[in-house]
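> What follows is a single structure, and I will ask about it in a moment.
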Amino acid sequence: MSLINRLSTRSDDFLATLRKLLAFDASQDESIERTSADILKDIQARGDDALLEYTRRFDQVEAASVAALEIPRGEWLAALEALPGEQRQALDSAASRVRGYHERQRSETWTYTEADGTVLGQKISPLDRVGLYVPGGKAAYPSSVLMNAIPAKVAGVAEVIMVTPTPKGTRNPIVLAAAAIAGVDRVWTIGGAQAIGALAYGTASIAAVDKIVGPGNAYVAAAKRRVFGTVGIDMIAGPSEILVICDGSTPADWIAMDLFSQAEHDELAQAILLCPDAAYLDEVEAAIARLLPAMPRADIIRASLSRRGALILVRDLNEACAMANEIAPEHLEISTEDAGKWAEKIRHAGAIFMGRYSSEALGDYCAGPNHVLPTSRTARFSSPLGVYDFQKRSSLIQVSQAGAQTLGRIASTLAHGEGLQAHAASAQYRIKPD
């Protein structure tokens, strides 16, 4: 099996080969779906008792009550203070940049007044309570805490509740430190589908939330899918993706490592390079072969690149942009001269990184924009997580007496046309007799 697939848009079978490469089977394992559904039903029925039982079974954590599973704020602050100086500074800097970017997304209530005195507008309100799921154990995702909690707090969410599993009682100090910096309000050491159920339905100890955000394993994803409608969710994320458009003048090692940066997530991640220079694609392939053995996650990268990765020869950069719109990637790097010119041609991408120095890894941690992005071509109709996901809109309608005369006649006519006489009468009651 080759290290990475080589394709050309000039090949007769290119489109069929590309579709096969892009295909991702999002169907769920029936056993995972069934287990998640059973856990959710049990949480609904037995609340705290079920939550304690699943925490004991899956995380090997014994607790006399759910209250004992909450991590006191003092422990987060202690974790923050204990961070090595460089790590603390990096976390603070990233949080500041994420906060500054998201503050520009905040929407405000607005109204306008018509000539007859009728006032129309839109009222912006934050969600009351949001649940944030953070993977636990050996996994450390402080960046995920920042990216999910900070926009919620900027939006004005009153309470952000974080849940994170702690297998065998292992608590991750940098995740707790990130919670302190991001403004999280409470942290519970629970995980899995049971944590999603507790957040969605509430228990005697944990109040139900309005929306659940954050990454998790297959059981968490299945549970989030099932509780959607009872609560909001951010998205059901697929494997990580990066698409690079390059004109052939960026150092090949840089591009190879950019492809690695997503391929190392898991074997199903996708890393694709589009370039009109065949010799440059040869350089990148050579760089991949040379750099890969030194990667700690080399086996994962190798599997990802050989299964779903590709170096694709395109006719020109215009064709590359057209292909990018078709693929609608999670991350798009435009590593070219005059990258802004080519970015104008992009309609579908979760995040667009413009220029040779804009590596996707910077977006994951500290550039400022959110790293929670649509995958699996959902960038065609979805957007990055942002402040707008934690705010909701209510329409404002204050009809003046004069306005009721005009609008009442319009509404009455339309209501009669729909056969809804009470609607028509309700509008007509407010019309002054001639």
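The values are calculated or read from the model by the stated rules, or taken from the named source; none is laboratory data. Every value quoted in this text rests on a predicted model; they were computed, and no experiment measured them. FYI the Cβ positions are ideal-geometry reconstructions off the backbone, even for glycines, and counts take in every protein chain you see.
> Considering 349, 422, which residue is more than 25 Å from residue 115 (Cβ to Cβ), without any contact (Cβ under 8 Å) to a residue 12 or more places away in the chain and not assigned by TED's automatic domain parsing to the domain that holds residue 142?
Among 349, 422, only 422 is more than 25 Å from residue 115 (Cβ to Cβ), without any contact (Cβ under 8 Å) to a residue 12 or more places away in the chain and not assigned by TED's automatic domain parsing to the domain that holds residue 142.
> Right, here's the next one. For the range 1-74, please list each of the helices (runs of 4 or more DSSP H) lying entirely inside it that holds at least 3 residues being more than 26 Å from residue 238 (Cβ to Cβ), assigned by TED's automatic domain parsing to the domain that holds residue 220 and modelled with pLDDT of 95 or more.
In the range 1-74, the matching helices (runs of 4 or more DSSP H) lie at 30-46, 48-59.
> What number of residues within the range 67-97 satisfy the criterion of being within 28 Å of the chain's Cα centre (by Cα) and without any contact (Cβ under 8 Å) to a residue 12 or more places away in the chain?
Summing the residues that are within 28 Å of the chain's Cα centre (by Cα) and without any contact (Cβ under 8 Å) to a residue 12 or more places away in the chain in the range 67-97 gives 4.
> From 204, 294, 289, grab the single residue that is surrounded by fewer than 17 Cβ atoms within 10 Å (Cβ to Cβ), touching a residue at least 60 places away in the same chain (Cβ under 8 Å) and under 20 Å from residue 4 (Cβ atoms).
None of the others qualify; the one that does is 289.
> Determine which single condition residue 375 fails, assuming it passes every other condition in (1) in a helix (DSSP H, G or I); (2) more than 23 Å from residue 2 (Cβ to Cβ).
(1)
> Right, next: With respect to residue 337, is the statement that it is under 16 Å from residue 277 (Cβ atoms) and in the same structural domain as residue 272 (by TED's automatic domain parsing) true?
Here the answer is yes, as residue 337 does meet what is asked.
> Give the residue that is nearest to residue 24 (Cα to Cα), with candidates limited to residues of the range 318-348 that are basic (Lys, Arg) and more than 22 Å from the chain's Cα centre (by Cα).
Ranking the candidates gives 345 first.
> Now for a separate question. Just one of 120, 132 is in a strand (DSSP E or B), surrounded by 19 or more Cβ atoms within 10 Å (Cβ to Cβ) and not hydroxyl-bearing (Ser, Thr, Tyr); which is it?
None of the other options fit; the residue is 132.
> Out of everything in the range 224-277 that is without any contact (Cβ under 8 Å) to a residue 12 or more places away in the chain and in a loop (DSSP other than H, G, I, E, B), what residue ends up being surrounded by the fewest Cβ atoms within 10 Å (Cβ to Cβ)?
The extreme case among them is 229.
> Residue 202: farther than 14 Å from residue 135 by Cα and under 20 Å from the mean Cα position of the chain (by Cα), yes or no?
Considered against the rule, which asks whether it is farther than 14 Å from residue 135 by Cα and under 20 Å from the mean Cα position of the chain (by Cα), residue 202 comes out as no.
> Go through 55, 9 for me and flag whichever is within 22 Å of residue 259 (Cβ to Cβ) and not hydrophobic (A, V, I, L, M, F, W, C).
9 is the lone residue from the list that is within 22 Å of residue 259 (Cβ to Cβ) and not hydrophobic (A, V, I, L, M, F, W, C).
> I'd like to verify a number: residues in the range 376-399 that are surrounded by 18 or more Cβ atoms within 10 Å (Cβ to Cβ), modelled with pLDDT of 95 or more and of a type outside the set (Val, Ile, Thr), how many?
Number of matching residues: 7.
> Something else about it: I'd like the full set of residues that are charged (D, E, K, R) and either assigned to a helix (DSSP H, G or I) or more than 24 Å from residue 20 (Cα to Cα) (or both), limited to the range 278-323.
Scanning the range 278-323 gives 282, 283, 285, 290, 297, 299, 302, 307, 308, 319.
> Something else now. Quickly run through the range 10-47 and pick out the residues that are crowded, with 18+ Cβ neighbours inside 10 Å and over 24 Å from the mean Cα position of the chain (by Cα).
Matches in the range 10-47: 18, 39, 42, 43, 47.
> Within the range 309-334, which residues are in contact (Cβ under 8 Å) with a residue 60 or more places away in the chain and charged (D, E, K, R)?
Matches in the range 309-334: 315, 319, 330, 333.
> Conditions first: (1) surrounded by 19 or more Cβ atoms within 10 Å (Cβ to Cβ); (2) closer than 30 Å to residue 215 by Cα. Residue 281 passes all but one, so which condition is the exception?
(2)
> Here is a follow-up. Quick one: which residue in 316, 299 is exposed (fewer than 15 other Cβ atoms within 10 Å of the Cβ), under 18 Å from residue 15 (Cα atoms), in the same structural domain as residue 9 (by TED's automatic domain parsing) and at pLDDT 95 or above?
Of the residues listed, the single one that is exposed (fewer than 15 other Cβ atoms within 10 Å of the Cβ), under 18 Å from residue 15 (Cα atoms), in the same structural domain as residue 9 (by TED's automatic domain parsing) and at pLDDT 95 or above is 316.
> Further, regarding this structure: Which one of 343, 402, 339 is closer than 30 Å to residue 124 by Cα, at pLDDT 95 or above and surrounded by 14 or more Cβ atoms within 10 Å (Cβ to Cβ)?
402 is the lone residue from the list that is closer than 30 Å to residue 124 by Cα, at pLDDT 95 or above and surrounded by 14 or more Cβ atoms within 10 Å (Cβ to Cβ).
> How many residues are over 13 Å from residue 162 (Cβ atoms) and of a type in the set (D, E, K, R) when one looks only at the range 59-74?
Of the residues in that region, 2 qualify.
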